[in-house]
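Heads up, the thing below is written out as structure tokens.
What follows draws every value from the coordinates through simple rules; no lab data is involved. What you see is a predicted model, and the numbers here were worked out from it, not measured in a lab. Reconstructed Cβ throughout: ideal geometry from the backbone, glycine too, with neighbour counts over all protein chains shown.
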Amino acid sequence: MGIIVQKFGGSSVATTEKLKIVCNHITKEFKKGNNVAVIVSAQGKTTDKLISEEKEITSSPNSREHDVLVSTGEQITISKLAIMLNDLGYKAISLTGWQVPIITDSNFGNAKIKSIKNETILNLFKEGYIVIIAGFQGITENGEITTFGRGGSDTTAVAIAASLKADKCDIYTDVDGVFTTDPRIAENVKKIDLISYDEMLELSSLGAKVLHNRCVEIGKKFDIPIVVKETGKENSTGTIVKNSKSLENMEISGIAKDDNITRITVMGLENKIGKTYNIFKLLSEHKINVDTIVQSFGESINKNLSFTIKTADLTETLRILEENKDSLTAKEILHFDNLSKVSIVGIGMTNRTGIASKMFEALYESNINMHLISTSEIKITVLVNQDEADKAVKAIHNKFF
Ligand code: ADP
Ligand code: ASP
Ligand code: MG
């Protein structure tokens with residue numbers, strides 16, 4: 001008898017008909033004699049709808065109330081699923097984040113899990129229940145409801161799997177695994193049967209929303225194999241994300257894209273110790289998430305600094321930088337929005353040459369300009385105009401696969 005964690009995303013639970021398919025997956029594992037914990041997202045586009053209704057009221061909601069609102073979608077799904085399983089004759093019970101409880105910090109909208117108290121779930125298992133848990137939400141030590149950021153139900157699932165020391169965590173979604181790139185962008189995509197945590201972490205962090213990046217981090221830390229597969233497909237093997245070493249790696253494993261990126265360039269910073277640090281200290285104090293950073297030198301002894309942010313943070317970032325322009329010793333602050341990040345990821349690039357030139361060749365042949373390049377051991381990221389990003393992904397995919 002094992003412990004199996006299953007997670008079903010928004011499209012997998014969108015309708016009553018789809019919930020019936022979900023019940024089949026759950027009861028199949030349960031009937032094998034396993035204890036089953038199920039994590040679900042809000043149905044269909046419920047979370048998007050809640051957010052757009054909130055925007056009808058204000059563009060700057062109180063962050064506590066925002067979390068109270070957006071966490072409601074998952075509560076509908078857990079109860080419906082439990083009711084359906086009960087109706088089929090199974091003992092099933094729903095739990096919200098606070099009922100588990102999943103304890104988080106108080107960073108509303110992007111809360112991190114501090115701990116999970118698993119006694120309630122384990123006791124319910126002993127009593128023969130299938131336990132249905134709301135994804136994406138937790139509770140602070142002070143009793144405030146928090147959420148984990150868009151796509152956060154994956155993180156609930158793997159965190160619950162880690163806390164229960166589950167045998168595996170199956171993430172059911174609307175595609176049959178992790179592909180060489182988003183199947184909605186390129187044709188001829190190939191399913192990746194096995195991918196290492198490190199590569200998956202890069203792909204997710206760089207925009208492949210098939211898995212929330214934080215769930216991959218937890219999987220790696222607690223050595224929980226994560227299987228991504230399609231809800232509508234019988235006996236799918238999907239993609240396994242785990243610690244893996246293949247004898248020979250492909251040049252690259254996959255391509256990811258992230259839209260709504262803005263590049264900020266701070267021109268003419270004094271080339272002195274602390275000048276760069278001051279900028280990032282200031283932004284971090286205001287909880288602005290800064291990504292790809294490139295520092296270069298202008299004509300004089302001054303340095304120029306470019307970095308990327310999510311476009312949603314642009315107004316706030318510009319305000320902070322402009323207000324502090326003099327103390328930062330910045331001459332000019334420029335921004336360039338409507339950009340996307342396009343990245344190639346793969347362990348295989350560590351011991352091969354010519355990968356970057358192959359990527360750039362694909363972009364050159366498609367007449368696509370790059371606005372910034374950054375690399376690490378297992379990835380190369382470029383910034384391109386957002387309206388050319390899909391074309392870039394296709395061109396690069398054709399070149400490598
Ligand atoms: P869920 O609601 O089940 O959590 P998501 O919409 O969050 O599903 O994630 C699944 C989507 O991720 C797919 O529909 C696909 O468009 C997208 N995606 C992006 N990159 C990839 C990739 N490399 N492989 C598979 N799917 C990807
Ligand atoms: N319902 C949340 C969202 O749409 C969490 C999730 O689906 O993972 O982002
Ligand atoms: Mg998701």
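Full extension of the chain between ASN338 and SER244 gives 30.2 nm of extra length, using 0.36 nm per residue less the Cα-Cα distance.
Mind pulling the angle between the C-alpha long axis of helix 389-400 and the longest principal axis of the chain? Nearest 10 degrees, somewhere in 0 to 90. Taking the Cα atoms of the chain, the angle to 389-400 is about 80 degrees. Computed from Cα atoms, the angle from the helix 314-323 axis to the main principal axis of the chain rounds to 40 degrees. With both labels modelled 7 Å from their Cα along Cα-to-Cβ, the ASP387 to LYS233 distance reads 3.5 nm.
Ranked for footprinting exposure by Cβ neighbours inside 10 Å, fewest first, TYR172, TYR277 give TYR277, TYR172. Residue order for PHE8, PHE108, fewest other beta carbons within 10 angstrom first, comes to PHE108, PHE8.
Take every Cα pair under 8 Å whose residues are at least 6 apart in sequence, average their separation, divide by the length of the range 11-142, and the relative contact order is 29 percent. Taking each residue as 0.36 nm, the span from LYS117 to LYS287 lengthens on full extension beyond its C-alpha to C-alpha distance by 58.3 nm. Amide H contacts under 5 Å for THR146: GLY138, ILE139, THR140, restricted to partners 5 or more places along the chain or on a different chain, H placed in the peptide plane at 1.01 Å from N. log₁₀ I(q)/I(0) of the chain at q = 0.07, 0.11, 0.14 Å⁻¹, via Debye over equal Cα point scatterers, no solvent, to two decimals? Evaluating at q = 0.07, 0.11, 0.14 Å⁻¹ gives log10 I(q)/I(0) of -0.36, -0.87, -1.28. Note on PHE297 and GLU53: the model spin-label points, each 7 Å out from Cα along the C-beta direction, lie 5.8 nm apart. For the chain, the 222 nm mean residue ellipticity estimated from helices alone, with every DSSP H stretch of n ≥ 4 adding -39500 (n - 2.57) and the total spread over all residues, rounds to -10500 deg cm²/dmol. Neighbour counts of C-beta atoms inside 10 Å place LYS287, LYS7 in the sequence LYS287, LYS7, starting with the fewest. Backbone phi angles across the range 123-134, fed through the Karplus curve with coefficients 6.51, -1.76 and 1.60 (θ = phi - 60°), yield HN-Hα couplings of 5, 5, 4, 4, 7, x, 8, 8, 9, 9, 10, 6 Hz in residue order; Gly and Pro are listed as x. Taking the longest Cα principal axis of the chain as reference, the axis of helix 213-222 is set at about 70 degrees. Averaging the Cα positions of each part gives two centres, and for the range 342-377 and the range 125-182 these lie 34 Å apart. Normalised by the number of residues in the chain, the average gap of Cα pairs under 8 Å and 6 or more apart makes the relative contact order 13 percent. When both bridge partners sit in the chain, DSSP labels roughly 60% of those beta bridges antiparallel.
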